[in-house]
Amino acid sequence: MDQPIKIALLSLNHGHTRKYYEVLRENPKLEFVAASAADLNTKELFKKTVPGVPVYDSDEELFDKHPEIQAAILASPNCDHLRQMRLCAERGIHILSMKIPTFDMAEYDEMIRLVEQAGIVCQVELELHYNPVMQRIKDLESQNSIGTLLSFTATNITLSPVWAFPWQGDPAQSFGKRVPLRDGDDRFCGGALCDHPHIFDMIRWVTHSEFDTIYAQVAPNLRPDLEEEDMLSVIGRMKNGVTFSLDPSWSRMEERIPVPGPGWEVFPKRMQVDMTLVGDQGVLSADLFGPNIYHNAGPDDRYLVQYTYFDEWVGLIDEFVDCIENHKEPTINLKWHQNTIRAMLACYNSIRTGQPVKL
């Protein structure tokens, strides 16, 4: 395209929203046209943070005022994605969806139908694919550097985003409906597991295989006032025989502040994403968010971390733009990602029944 793609940011109510501000404004292939806000506080914060970009009270108002928009990022609660996808499909607007399109398989099939019928690009945001350390792991494994892959271990542990983004603590908005974790448990589906699909997706990408058997367990919550799970562990086997152990927990504690920033951490590192691949001729082990700067800083003279890993957001947006310009299908498209969501649903099924689940 000779002209930059005109793009909008919808809802501004997801933890990854702020990571798009700089990328959207600096990428010469994009023109950041407008945004819609989920509520008044979000609207006012956006106006202070991103001056010069108009922000509207609804998606419909945004689209009516800016018919020139060609693409939109759905930075919204999981429960809003189908509604927003319908709005975009009706207008021929390309979509970059947050990491959980929906947990309802009927809704998921409807999303696929809408996108195919409209002939638009729909990419699911799983930024770990564009992490340079992850790319190196994938390259080394593809080169058979550790021989035949035998096992895959990964952690994706963070603090909880619920205090800044309350919808993530509401099962009806996060999981899509209020589903009890299991008999005799007062918690509901929709917590840490719903926030961490990345490692479930990574094992499919690295092994070129699909999930065969999954067994999951939940621990007592670190945060007893949450309605959802905050710690769990998952083990199982892929169809090609690779065994795995995954930890997608909210097991880092946090200060409950409404806007994430310095002082949010209790541990110095708010996010830990590790990966170990064991082959019959060697081992690959990596900290995917390792290259950071640690320092003593305010408030409270705490040992804090300055993250230096934002390369992946640039790569993610670059692929989205390339797919729009060249009519290509994204690596993480709806059909690909649906099997990742099915595996996460199998985790909840295993927690409910106390049994391994065959996929």
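Annotations
- Among residues of the range 241-285, those that are touching a Leu at 6+ places or on another chain (Cβ under 9 Å), polar (S, T, N, Q) and part of a loop (DSSP other than H, G, I, E, B), counted: 2
- Members of the range 1-40 that are farther than 17 Å from GLN168 by Cα and out of contact with any helix residue (DSSP H, G or I) (no Cβ under 8 Å at 6 or more places or on another chain): ASP2, GLN3, PRO4, LYS6, GLU22, ARG25, GLU26, PRO28, GLU31, VAL33, LEU40
- Hey, LEU62 outside the structural domain of LEU284 (by TED's automatic domain parsing), buried (at least 20 other Cβ atoms within 10 Å of the Cβ), under 15 Å from SER11 (Cβ atoms) and out of contact with any helix residue (DSSP H, G or I) (no Cβ under 9 Å at 6 or more places or on another chain) or not: yes
- Residue check, HIS129 at pLDDT 95 or above and crowded, with 18+ Cβ neighbours inside 10 Å: no
- Residue match in the range 115-127 (condition: small (Gly, Ala, Ser), farther than 24 Å from THR243 by Cβ and in a helix (DSSP H, G or I)): yes
- Residue check for THR331: of a type in the set (S, T, N, Q), part of a loop (DSSP other than H, G, I, E, B) and either in contact with a Ser or Thr (Cβ under 6 Å, 6 or more places away or on another chain) or modelled with pLDDT of 90 or more (or both): yes
- Given (1) crowded, with 22+ Cβ neighbours inside 10 Å; (2) part of a strand (DSSP E or B); (3) not aromatic (Phe, Trp, Tyr), index of the condition ILE157 fails: (1)
The values are calculated or read from the model by the stated rules, or taken from the named source; none is laboratory data. Being a predicted model, the structure only gives us computed values, none of them experimental. Every residue, glycine among them, receives a Cβ derived from its backbone with ideal geometry; neighbour counts consider all protein chains shown.
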